[in-house]
Amino acid sequence: MRHLTITLQQDWKHVLRAAGSKAAHGAANGEYQGEYLNFEAPAQFFGKLTERRWEIIRHMQSANAMSVRELARRLARDPKRVLEDIRVLIQLGIFEKNEDDKIVCPFADIHVDMHLAAAA
């Protein structure tokens, strides 16, 4: 079972160091530590992970692999628009294509870690 943590951290080097540290710990103990996706700014996050794309993610987390056309039918959406959303989700690494060229969401759990602080 794979897990994804999506972070919103302007200091991407910090995120990379933390993920590397967790990966090293996991490798030493033989434990899967999950996967990470970071956005440097809220505009990037909300620009890529729109409400419609979250709807697709939620649907695909509990579904078997399927074609874009079948997914569009189940969501009652235009297949061209669903394909556009799927392309973004594949580019981000949230979705993958299997050997039959069908879409799959490999993550059983997706956690969003977003911290907002007052400007200094």
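A compact table of results
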| read-out | value |
| --- | --- |
| Unique match (being modelled with pLDDT under 95 and either under 21 Å from M114 (Cβ atoms) or surrounded by 12 or more Cβ atoms within 10 Å (Cβ to Cβ) (or both)) among E31, E40, E70 | E40 |
| Which numbered condition I110 misses (of (1) closer than 16 Å to H3 by Cβ; (2) part of a loop (DSSP other than H, G, I, E, B); (3) in contact with a Ser or Thr (Cβ under 9 Å, 6 or more places away or on another chain)) | (2) |
| Answer from F95, F107 - the residue that is surrounded by 12 or more Cβ atoms within 10 Å (Cβ to Cβ), within 12 Å of the chain's Cα centre (by Cα) and without any contact (Cβ under 8 Å) to a residue 40 or more places away in the chain | F95 |
| Residue within segment 55-65 that is closer than 27 Å to Q9 by Cβ, at pLDDT below 95 and not in a helix (DSSP H, G or I) present | no |
| Residue count, segment 80-94 (criterion: closer than 12 Å to I56 by Cα, part of a helix (DSSP H, G or I) and touching a helix residue (DSSP H, G or I) at 6+ places or on another chain (Cβ under 9 Å)) | 7 |
| Breaking point among (1) touching a His at 6+ places or on another chain (Cβ under 8 Å); (2) in contact (Cβ under 8 Å) with a residue 40 or more places away in the chain; (3) hydrophobic (A, V, I, L, M, F, W, C), for L75 | (2) |
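The values are calculated or read from the model by the stated rules, or taken from the named source; none is laboratory data. For clarity, every value in this text was computed on a predicted model and none was experimentally measured. Note that each Cβ is placed from the backbone with ideal geometry, even for glycine, and that neighbours are counted across all protein chains shown.
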